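The structure appears below as structure tokens.
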Amino acid sequence: MSSDPSSTAGPGAAAGAALNPAERLLNLVIALVNTNAAMTKQQVRTAVAGYADAPSDEAFERMFERDKDMLRALGIPVVTVGTGGHTDELGYRIDQDAYALPPIDLTPAELGVLSLAAQFWQDKTLQTDINRALVKLRAAGAGDPSADALAGLAPSVRAVGDAYGPLMEAIEARRAVTFSYRAAYDGTVRTRHVEPWRIAARDGGWYLMSFDRDRQAPRVFRLSRIESRVRITGPTGAYEIPDFETDVMLGKAHGEVRQAVVAVRPERAGALRARAKPVPDGDRRTWLDRLPGAGDGADATGWDVLEVPFRSLSGMASEAAGYGAALIVLEPEPVREETLRRLTAAAALAPAGSTEVPRG
């Protein structure tokens with residue numbers, strides 16, 4: 001056998017440049033999956049792009065053994081078989097029965113979780129692939145998620161915008177940034193110089209927690225109010241990120257926690273119940289008497305009355321409206337009015353013939 005690599009270069013072998021190991025591994029997987037029976041070492045060396053780069057038989061042996069071990073470590077079942085006939089030469093292939101994924105059989109709840117994830121990641125570069133995957137899963141018989149089971153769970157987080165990437169890069173490198181920011185209280189735009197700490201999503205928006213160098217104090221910035229391109233400045237490792245509670249820092253920026261009182265149908269609004277607590281038994285009857293129609297003898301027993309903490313009026317109203325007729329806001333009145341406004345607007349968009357009446 002000639003030791004000249006060019007004499008054994010298989011189809012598609014790189015000319016004048018060795019393939020990187022990941023590309024060579026992929027070529028080997030494709031070859032071993034598509035072989036009719038098995039491939040001998042010699043066939044691998046001559047037919048699989050990347051192995052002709054080995055300068056000697058010994059180098060090829062080491063390369064091939066290392067690649068087989070790597071594939072097996074990754075869970076790809078490379079098996080050794082006899083080639084048959086009058087030779088003792090061994091062949092290699094991938095056991096397709098062990099390699100193939102089992103049939104996908106998702107429950108409606110499992111598919112619902114994937115649907116919620118697809119709604120959360122609204123990035124255009126991912127959305128097309130996500131939608132295709134969901135269509136294929138439903139076509140395979142997984143079925144549509146129950147809208148009732150998922151009501152109120154769908155996240156309503158806005159797109160992160162152009163500021164997200166540079167800020168995450170700056171956080172990773174611990175470098176300062178500058179940007180123009182429109183203040184919420186008066187609408188003025190000022191240049192901010194900050195040390196970014198962390199990014200989190202709350203109440204439908206994305207927020208940057210940071211140290212404001214101009215004010216010499218921690219500050220929270222909403223990404224949607226950043227008016228300019230984020231510029232990364234200064235050296236790497238310029239500051240240390242302190243330990244802090246995300247919810248506490250965002251809570252101070254959003255205002256004090258308030259309580260809403262809501263009536264909820266049993267076994268509904270699971271996400272809301274996770275942070276709520278029942279009203280005291282002595283007060284329950286008083287709240288039930290405030291339900292629409294309760295004074296006219298309507299049945300008010302099929303409701304749970306809960307206290308729900310919230311900071312954002314619009315966020316609480318948006319969540320309450322998401323549960324439709326399964327939830328009624330009893331207090332405070334501003335949250336109740338905003339919930340009714342949202343439900344009324346949604347009802348106006350309903351198809352003709354719909355009899356569902358928002359209750360709020």
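The values are calculated or read from the model by the stated rules, or taken from the named source; none is laboratory data. Everything numeric in this text was worked out from a predicted model, so none of it was measured. A quick note on method: Cβ atoms are made from the backbone with ideal geometry, for glycine too, and the neighbour counts reach across all protein chains shown. Protein only, heavy atoms only, side chains kept; ligands, DNA and RNA dropped before computing areas. Shrake-Rupley method; radii C 1.70, N 1.55, O 1.52, S 1.80 Å.
Quick notes on this one:
- HN-Hα J in Hz across region 31-38 - Karplus 6.51, -1.76, 1.60, θ = phi - 60°, x for Gly and Pro: 5, 6, 6, 9, 6, 5, 10, 6
- Fully extended contour minus Cα-Cα distance, from Arg290 to Glu65, at 0.36 nm per residue: 73.4 nm
- Taking the average, over residues, of other Cβ atoms within 10 Å as the packing measure, peptides 277-285, 36-44 rank 36-44, 277-285 from highest down.
- Karplus (6.51, -1.76, 1.60) ³J(HN,Hα), θ = phi - 60°, over region 221-230, in Hz, Gly and Pro reported as x: 10, 7, 4, 5, 9, 6, 8, 10, 5, 6
- Taking amide hydrogens as placed 1.01 Å from N in the peptide plane, the amide H of Leu330 sits under 5 Å from those of Val261, Val262, Ala263, each at least 5 positions away in sequence or on another chain.
- Accessible surface of Met249 - all protein chains present, 1.4 Å probe, nearest 10 Å²: 30
- The amide H of Asp95, built 1.01 Å from its N in the peptide plane, has Val79 as neighbours under 5 Å, considering only residues 5 or more places off or on other chains.
- Förster radius 41 Å - calculated FRET efficiency between Ser224 and Glu333 (Cβ-Cβ, nearest 0.05): 0.90
- Long-range HN-HN contacts of Arg198 with modeled amide H, under 5 Å: Met209
- Sum of side-chain charges, Pro278 neighbourhood, beta-carbon under 9 Å (Lys, Arg +1; Asp, Glu -1): -1
- Fully extended contour minus Cα-Cα distance, from Phe244 to Ala37, at 0.36 nm per residue: 68.6 nm
- Label-to-label distance, Ala200 versus Arg265, with points set 7 angstrom from Cα along the beta-carbon direction: 3.4 nm.
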